[in-house]
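Here's the structure, in structure tokens; my notes come after.
Please treat every number below as a calculation from the coordinates, not as lab data. Note that this is a predicted model, so its numbers are computed, not measured. All Cβ positions, even for glycine, are placed from backbone atoms using ideal geometry, and neighbour counts span all protein chains on display.
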Amino acid sequence: MNYPDWQKTVPDNITQDSLWKLEVYRLGLFVSDIAWQDALVLNKTSLTRDLADQLYRAVCSISANIAEGYSRSTGKDRARFLEYSLGSAREARDWCFKSRHTLKEEVINHRINLLTQIIKILSVLTPHQRQKGIREDHAIYETSPQPSDSILASEISQP
């Protein structure tokens, strides 16, 4: 399945979330979806069964950590989860390369290229998020006394 066709199959509840605007999230979700078939192939042989598990866990962790980090309120906290996602993408690429003896060459090349694209995006996005926050800057709010406040104050001060 190719990326544009796959996007059409994603439920509205996911695509209508603001998280969907992040290309790296969409790519991470896509690679986890297509890696399902890779894991099934690798799982058929006892020698590559553990590899299937490691690969699938790593690719699934990419979009999961992006989703969790996106929901954090500070840039530093978001950056931490993006780093987890970056680590998972690199790990997945490593496991993908190790599966080259079982999976087809064109599949391996596609997955490695896709994971490298995710790694590049996360490598730029992570430091950028460290500098950023979504909380409003603290502001000092001053109010002037209301007439009822001064009446109340004079009533309290009288014996």
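Roughly how many nanometres apart are two label points built 7 Å out from the Cα toward the Cβ at His110 and Asp17?
2.5 nm
Just to confirm my numbers, what's the Cα centroid distance between region 1-32 and region 35-72 in Å?
Taking the Cα centre of region 35-72 as reference, the centre of region 1-32 is 17 Å away.
Please give the length that would be gained between His128 and Ser71 if that part of the chain were fully extended, namely 0.36 nm times their separation in residues minus their C-alpha to C-alpha distance (nm, one decimal).
Numbers: separation 57, 0.36 × 57 = 20.52 nm, distance 1.62 nm.
Gain on stretching His128 to Ser71: 18.9 nm.
What order do you get for 68-76, 2-10 when each peptide is scored by the mean count of other beta carbon atoms within 10 Å, highest first? Show your work: numbers first, answer last.
On the way: 68-76: 15.1, 2-10: 10.2.
The packing order, highest mean first, is 68-76, 2-10.
Using 0.36 nm per residue of separation minus the Cα-Cα distance, give me the extension gain between Asp94 and Thr9 in nm, one decimal. Please report the intermediate quantities before stating the final value.
Details: separation 85, 0.36 × 85 = 30.60 nm, distance 2.82 nm.
Length difference between fully extended and current span is 27.8 nm.
At 25 °C and a viscosity of 0.890 mPa s, what translational diffusion coefficient does Stokes-Einstein give for region 1-109, taking Rh as the Kirkwood radius over Cα pairs? Give it in µm²/s as a whole number. Each step should come with its number before you reach the end.
Working: Rh = 14.6 Å.
For these conditions, the coefficient is 168 µm²/s.
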